[in-house]
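Q: Let me give you the structure first, and then I'll get to my questions.
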Amino acid sequence: MEKIKVLVVTATMNAGGLENQLMHLLRNADKEKFQIDFTSKVENSYYRKEIDSLGAKYYVLPEMNKRNILSYFRTMVKIMKDGKYDVVHSNELFHSGVVLLAAFFAGVKCRIAHCHSIYDLDDITAKRSTIRKIYSSVMRWLVLRFSNVQIGCSTAAGEFLFGKRAVKKDTYHLLFNSVDTTEYLENYGKEETGDLCEADWINILHVGRVYEVKNQLFIAEIAEEFKKRHKNIRILCAGKGNQEYMNKVQEVIENKNLQNHMKMLGVRNDVSVLLRKSKAFILPSLYEGMPLVLIEAQASGIHCVSADTFSKEVDFGIGSIEWLPLQAGAEKWADAIEAAIEKGRKEKPIVVNAIEEKGFDSRIFTKKLCEIYEKNVKG
């Protein structure tokens, strides 16, 4: 049987929620039926070695911008034609317009636009220019015109990129993000020892790229509140990102002497272990599509305090998440975190049932996505 060839287009394949999700796809897909390859703008990304080891091709492309858009387009068409791809699965938000136009010219049968966000980053971190507005409008039109499958990781994400009418069509699929729950459930409630397990400190975990949208400067305000209260509660921040923003966060930590109450851990590959070492989880993001880290935190059984800035479809529905507005301020967030610590860990059977009901396991995600590939290629 000839394999279905899939080209997954994304930005970096560094450690992050979207990239973790795509790696679940690569690990779990039937290797006899699917050949899944990747593009990235980073040559030696976090997942590069694993991608190579799993037999997937890895194409390094320059980041698309207004100066190289034509050469980027031509390169994409060549890769798609030479690779004889049946599916192009684009995860590039508005850039997907160019990717899917290239896929159309390359004669790709199944052209997927997958939305993982509810905002354009430019809306949050920069002034919204007229040129950017025009670009977004043109790209959204290209996405709708040249995709023949649309996927949203949440209802809000789907409506943001495709519009409310498009998400009612048969070509649209709501496909929740997921995690490999095995590592959480098999070691559920295990007592961890070693680094960061000092008896006189209580750990709170945050996982996310260090940049404005993830709001680590607000986390520093919460850490300062715990210091004022003389609480031995410290916030562990796993992840790295924008160097300028990282420098700002580090400067605040040093200037306010928060080194004991807020620790920047960098990129970690042991999030499940860190969750077992922690008593609560926080996510004060300005926005999210559907955060994998919140699924992971709930799968570990600890209580979470999250900003109410994104879809509540990520909620297991078992009372694990306290949703708070960012405007409530650091004091209210510190209060909620202390309450979360007191609640302890959820009972394992309750968590297992919620994962099965909601379909948050990576094997379920892969099965559904591969069914979409197969249906739209053979159909």
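Q: Is it the case that some residue within the range 192-204 is among the aromatic types (Phe, Trp, Tyr) and assigned to a strand (DSSP E or B)?
A: Checked the range 192-204: no residue is among the aromatic types (Phe, Trp, Tyr) and assigned to a strand (DSSP E or B).
Q: In addition: Restricting attention to the range 258-267, does a residue exist that is out of contact with any helix residue (DSSP H, G or I) (no Cβ under 7 Å at 6 or more places or on another chain), within 30 Å of Gly158 (Cβ to Cβ) and in the same structural domain as Gln327 (by TED's automatic domain parsing)?
A: Taking every residue of the range 258-267 in turn, at least one turns out to be out of contact with any helix residue (DSSP H, G or I) (no Cβ under 7 Å at 6 or more places or on another chain), within 30 Å of Gly158 (Cβ to Cβ) and in the same structural domain as Gln327 (by TED's automatic domain parsing).
Q: Please report, ordered by residue number, the strands (runs of 3 or more DSSP E) entirely within the range 213-304 with at least 2 residues that are in contact (Cβ under 8 Å) with a residue 60 or more places away in the chain and either closer than 23 Å to Glu198 by Cβ or touching a Pro at 6+ places or on another chain (Cβ under 6 Å) (or both).
A: Those strands (runs of 3 or more DSSP E) span 280-283.
Q: Here's another thing I want to ask about it. Where the second residue is hydroxyl-bearing (Ser, Thr, Tyr) and part of a helix (DSSP H, G or I) and the first is within 16 Å of Lys3 (Cβ to Cβ) and lies in the range 357-379, which pairs have Cβ atoms under 7 Å and are six or more apart or on separate chains?
A: Close Cβ pairs satisfying both conditions: none exist.
Q: Among (1) in the same structural domain as Ala334 (by TED's automatic domain parsing); (2) surrounded by fewer than 20 Cβ atoms within 10 Å (Cβ to Cβ); (3) more than 24 Å from Met23 (Cβ to Cβ); (4) not acidic (Asp, Glu), there is one condition Lys240 misses while meeting the rest; what is its number?
A: Every listed condition holds for Lys240 apart from (3).
Q: On to the next question. Quick one: Glu186 ticks every box in (1) without any contact (Cβ under 8 Å) to a residue 40 or more places away in the chain; (2) within 25 Å of Met290 (Cβ to Cβ); (3) crowded, with 16+ Cβ neighbours inside 10 Å except a single one, so which number is it?
A: Condition (3) is where Glu186 drops out.
Q: Right, another one. Would you confirm whether any residue within the range 23-31 is under 15 Å from the mean Cα position of the chain (by Cα) and within 15 Å of Lys57 (Cα to Cα)?
A: Yes, some residue in the range 23-31 is under 15 Å from the mean Cα position of the chain (by Cα) and within 15 Å of Lys57 (Cα to Cα).
Q: Can you pull out every residue in the range 336-350 that is more than 23 Å from Ile222 (Cβ to Cβ) and not basic (Lys, Arg)?
A: Hits for the range 336-350 are Glu347, Pro349, Ile350.
Q: Considering the range 162-177 alone, what residues qualify as being touching a strand residue (DSSP E or B) at 6+ places or on another chain (Cβ under 9 Å), within 13 Å of His114 (Cβ to Cβ) and not in a helix (DSSP H, G or I)?
A: Thr171, Tyr172, His173, Leu174, Leu175 - these are the residues of the range 162-177 that are touching a strand residue (DSSP E or B) at 6+ places or on another chain (Cβ under 9 Å), within 13 Å of His114 (Cβ to Cβ) and not in a helix (DSSP H, G or I).
The values are calculated or read from the model by the stated rules, or taken from the named source; none is laboratory data. As the structure is a computational prediction, the values presented were derived from the model and not from experiment. Don't worry about glycine lacking a Cβ; one is built from the backbone with ideal geometry, like all the others, and counts go over all protein chains shown.
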